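A short worksheet on the structure shown next.
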Amino acid sequence: MIFKDYFLILSAGHIIADFYLQSTEMSQKKEQKMRWVLLHSLVYWVGMLIVMLPFLSWNMFVIASAAGAT
């Protein structure tokens, strides 16, 4: 895969994780408590994983996990 493909896959994962899987409550509370930040990170990671399943390789799994952890 080339950079453009990685970029599109990770962008789709970001949109799904941040805008469709994250609730408004989570979005607001993650600024106040670490528990919500950790929950957000888990939801974000799952969103990335869902998007990447069709393309899953070890390298992509590591990239998505790193992106979800930030």
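Tally the residues that are of a type in the set (Val, Ile, Thr) and more than 9 Å from Val51 (Cβ to Cβ), restricting the search to region 1-14.
Initial filter on region 1-14 (of a type in the set (Val, Ile, Thr)): 2, 9.
If we keep only those that are more than 9 Å from Val51 (Cβ to Cβ) as well, we get 2.
Selection size over region 1-14: 1.
List pairs: first residue in region 18-40 and open to solvent by 100 Å² or more (accessible area, probe 1.4 Å), second residue in a helix (DSSP H, G or I) anywhere in the structure, Cβ distance under 8 angstrom, at least six positions apart or on different chains.
Tyr20/Gly47
Does at least one position in region 14-31 carry a residue that is modelled with pLDDT of 80 or more, among the charged types (D, E, K, R), under 8 Å from the mean Cα position of the chain (by Cα) and assigned to a helix (DSSP H, G or I)?
Scanning region 14-31, I find at least one residue that is modelled with pLDDT of 80 or more, among the charged types (D, E, K, R), under 8 Å from the mean Cα position of the chain (by Cα) and assigned to a helix (DSSP H, G or I), so the answer is yes.
The values are calculated or read from the model by the stated rules, or taken from the named source; none is laboratory data. As the structure is a computational prediction, the values presented were derived from the model and not from experiment. In this analysis, Cβ positions are derived from the backbone assuming ideal geometry, glycine residues included, and neighbour counts consider all displayed protein chains. Surface areas here come from the heavy atoms of the whole protein model, side chains and all, with no ligands, DNA or RNA. Shrake-Rupley method; radii C 1.70, N 1.55, O 1.52, S 1.80 Å.
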